[in-house]
Amino acid sequence: MTEDRVVTFEMIMEKILTSDKQYDNSKIISAYHFAAKAHEGQFRSSKQPYIIHPLAVADLLLDLGMDTDTICAALLHDVVEDTPVTDEQLRELFGKSVAALVDGVTKLTQIPVFKQDQKKAENILKMLLAMDKDVRVMIIKLCDRMHNMRTLQFRPEHKQQQTAYETMNVYAPIAGRLGMKQIQEELETLSLYYLDPFGYSEIIKQFDNTREERQQFIEAIKSRIAEALKAAPLQQAPEIQGRPKSIYGMYKKLYKEHRNFDQIYDKYAVRVIVDTVPECYMVLGVIHQIYKPLMERIKDWIARPKENGYQSLHTTVLGREGIPFEVQIRTREMHKTAEYGIAAHWKYKQGVEKDNMEEQLAWVRKILEAQKTSDDPDEILTTLKIDLSPDNIMVMTPKGDAITLPLEATPIDFAYKIHTEIGHKMIFARVEGRMVPLDYKLRTGDVCEIVTSKDASKGPNRAWMNIAKTSEAKAKIRAWFKKENRQDNIIAGKTMLEKEFRKSRIRIPEEEMDNFFSFDMKRHNCNTLEDFYASIGYGGVSLNKLMPRLKERYLKLYCQEEESTKEEPLIRPVERTTTSQIILDEIRDCEHKLAKCCNPLYGDEIVGFVTRGHGLSIHRTDCINYRAVLGRNQPEELERWLAVQWTGNNSEKMRTDLDILAYDRVGLMFDISAIMKEAGISMEVPQSHKVRGNKILLVISLQVINKNQLTGILQRLEKVRSIISVERSSTAYHREKEKRGE
Ligand code: MN
C-alpha cells in the first residue's frame, strides 16, 4: 500500500518557489489561509485536522504542473460543501474561475455512482458534462479521490467498499481515458486492495517471490539494447527504463484472462525513449535484429495515436531462453503525454494549447452527442462502459488505414467509424477475404472490407441497433431512422405497440390514447401521438422499458374504476394557481420520489419537478433549489414544476434530517436519544462536526410519519439544555446561517 505522508503548506510553498512555472504566490497563500480558517475545528476520519486533505490534493496537482487557479480551487475544494462559506464569497475573493472550479468539484462530489444502474448512467453522463465544460474540474476530482483512497483505511468498512467500487468503475476508467496513466494505475491498485484483498495479496506475494529473477532479466535486456544502440546514429543516448508493471494490470491478466503467472508477457517490459519519430522506428529495427519479434504483437500507436493522445511503438520479442517481453519505444514528447495525459498541457506547455486538447477530449463530446438520441439507461450504461474502456483494437481497411475501435466492436461499428454513409449502405462485411456475420467480433490486425450497395435509398437495418457496440454507430443508425423515414417509423412504432398491447390484453379507445400516453409523451419530448409512435419506431423510446409502466397505468385507469378511490395515489396535482406560474398537469398518478435536497415530509407544502425519465421529484416549496427557479423566473424552466399536494393518509415512514447546533457537553447525546426513544422514533447514529467556540453541529437522521410528529420532536429538542437551535437540514441552512452572521 502507498504510505500517505502528511503534506504541510510549507512543503507546498517550497514546491511552488522551486518550480520553473509562474505562480501567483499571494493568491495561493490567501486561498490556503481562507481554507484553513473555514475548516478550523473539523477533522478527517483519521483524526487529523481537515486541512491536511485539501493540502494533499493541492500537492498532487502541483506535481501534475497545474496552474494557480487549479491549486487555489484544490485548497478550497471542500469549503462550500462542508463549511458555511458560499459560492459568492469565493467569487468575490478569488475570482470567477476559481469559484467555478470549486463549484464543479462540489457538484461532482454530490453525484454518487455506485447506486442502481439507471442512476449510474445518468450520473456518469453528468460527470462527462462537467468535464466537457472544464476538464480541470475532473483533474481536481481525480486528485481528491486519490487522497481519499490513500486514506481509506480510516473509513468504516461499507464506505470503503462503496468508494473503492466507485473508484474502480468510474474514476479509474476516466483517468485512463484522459491518458493519466499513473493516476489510473494507483487508483486501480488501491481499489483492488479493498475489493479483493485476497487476490491483491496473492499478486504481491508472487511479485516478491520473483523480484530478484525479474530484475536480473530486465538488467540483462537493458544492457544488451544499450549496447546494440551504440552504433545507431541517434541525436543523444536513449533513455532505457525497466517498466514497472501495475498490480492491477497483473491482476486483470491473472484472474480475468485466466493466464498463469509465467504466461504474462508484460511481466517483463522495457521502454526506450529517444528524441524523434524516425529514431523510434530505427530503434524498432535494431531491436528486431537482436530479438526475434512475435509478429502478431506489434502495435504502432505512433502512426495511429489512441483517442486519449497516447503514442508509442509496442513490440513483443523473444528473449533469452524463449521468454517473451515487451518493448515500448517513444519520443520524450510522447512520454510526457503517456505519463500525464491531458495534464501534460499544463505541465509542459505555456498555458493551454486549445486545439490539441479539444482533440484529446473529442470522445467526451462524442459520447454526450450520442446519448442525446437515446434515453434507455441500460443502453447508455453498456455503451458507456465500452466507450470508457481504454482498451482499443486496431482494424485495417483494405487500403491499409488503421481504424481504432473499442474491444468487441463489430463490422457495423467499423463501417460507421469509417464514414456514416458507408455504414448506412453496408450490405455485408469480409474479414481476411471471408464473409463474416455482422455480429463478428473484430480483432486487432483484422483486415475488414465493407461491401456497400449502390442503391442510394439503401439504409441500415433496425436490428443493427442491437448488434452495434459503439454509441457512435448506434446513434447514427437511430438518427437515420429518425430522419429518413418518419412515416415508416410511425407505422412501425404503432404496430410494435399494438402487438404488445394485444399480448398484454390492453384495449384503449382511440380517442383516449393521447391522454393515456400524455405522461410518457412529455417525458420523451413528443408533442403529438405521431411523434411518440415515431420515437418507438426508430428506437428512441424503448418498448421494453415502457410496457411495465403502461400495464400498471392501464390496470389503474381501466380495470379498477370502483376501487380507485380507495387506492388514491399519495400525491395528486391541484388547480393552477394564478399567482404562481406553475402549470397544472393532467397527471393522475405517476412515479415519484422525494427529493434528497430537502427531504419533504408528509404535511409539508410541496411542489413536483418533472424529471427526465424518473417521474416526479417532490420538493418542499421552501427548498432552495425551487426558490432559485422562482427567482430566475424563466417560463421554460417553470413549466417543469407542477403544483401538487398530499392526498389520503400516509402510513409510511419518511426520512428527515435535523441540524442541531449546541454547546458540547457530557450527556447531550443521551438526552437527545431519550426523546427519540420516548416518541418511538428510530434515529441513525448522528454525525457531528465541531464548529467555532465550544459549539457542536449534530446532523441526525430520523424516520417520521408526518410533519406533525416532527414538530412535536422539534419542540421537545429545543427545550434540551445547551441546544441552541434545531432546524431541518437543507442546503439553505448554511447559507441562511451565514447571512445572519452566526
Ligand atoms: Mn475532498
Summarise the accessible area of the range 199-355 (1.4 Å probe, protein heavy atoms) by the percent that is carbon and sulfur. 48
What's the tally of Lys pairs in the range 485-565 whose alpha-carbon atoms lie under 19 angstrom apart, where the two lysines are 8 or more places apart or on different chains? 12
Close lysine pairs (the range 391-483; alpha-carbon distance under 16 Å; 8 or more apart or on separate chains) counted at 17
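For the range 9-194, with all protein chains present and a 1.4 Å probe, just round the carbon and sulfur fraction of the accessible area to a whole percent. Each step should come with its number before you reach the end.
Working: 3730 of 7310 Å².
Of all accessible area on the range 9-194, carbon and sulfur atoms account for 51 percent.
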Exceeding the 26 Å Cα-Cα cut-off - candidates LYS596/LYS653; LYS181/LYS253; LYS205/LYS336; LYS47/LYS252: LYS205/LYS336; LYS47/LYS252
Probe 1.4 Å, protein heavy atoms only - accessible area per residue of the range 275-338 in square angstrom: 44
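Just order 488-494, 128-134 by mean Cβ neighbour count inside 10 Å, highest at the front, would you?
On the way: 488-494: 18.9, 128-134: 17.3.
Highest mean packing first, the order is 488-494, 128-134.
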Please calculate how many Å² of accessible area the range 493-548 carries per residue, with a 1.4 Å probe and no DNA, RNA or ligand atoms counted. 54
Mean accessible surface per residue for the range 119-198, computed with a 1.4 Å probe while every protein chain stays in place, in Å²: 35
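Taking the Cα centre of the range 277-346 as the origin, how large is its charge dipole in debye, to the nearest 20, when only Lys and Arg (+1) and Asp and Glu (-1) carry charge on their Cβ atoms? Working shown, then result.
Working: 9 positive and 8 negative charges, 5 e Å.
Here the range 277-346 has a charge dipole of around 20 debye.
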Label-point gap, in nm, between ARG486 and VAL6 - each point 7 angstrom along Cα→Cβ: 6.8
Of the accessible area of the range 654-740, with the probe set at 1.4 angstrom, what percent is carbon plus sulfur? 52
Centroid-to-centroid separation of the range 433-483 and the range 313-344 [C-alpha atoms, Å]: 34
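The values are calculated or read from the model by the stated rules, or taken from the named source; none is laboratory data. Not measured: the values here are computed from a predicted model. Heads up, the Cβs are rebuilt from the backbone with ideal geometry, glycines too, and the neighbour counts pull from every protein chain shown. With ligands, DNA and RNA removed, areas are computed over all heavy atoms of the protein, side chains included. Shrake-Rupley method; radii C 1.70, N 1.55, O 1.52, S 1.80 Å.
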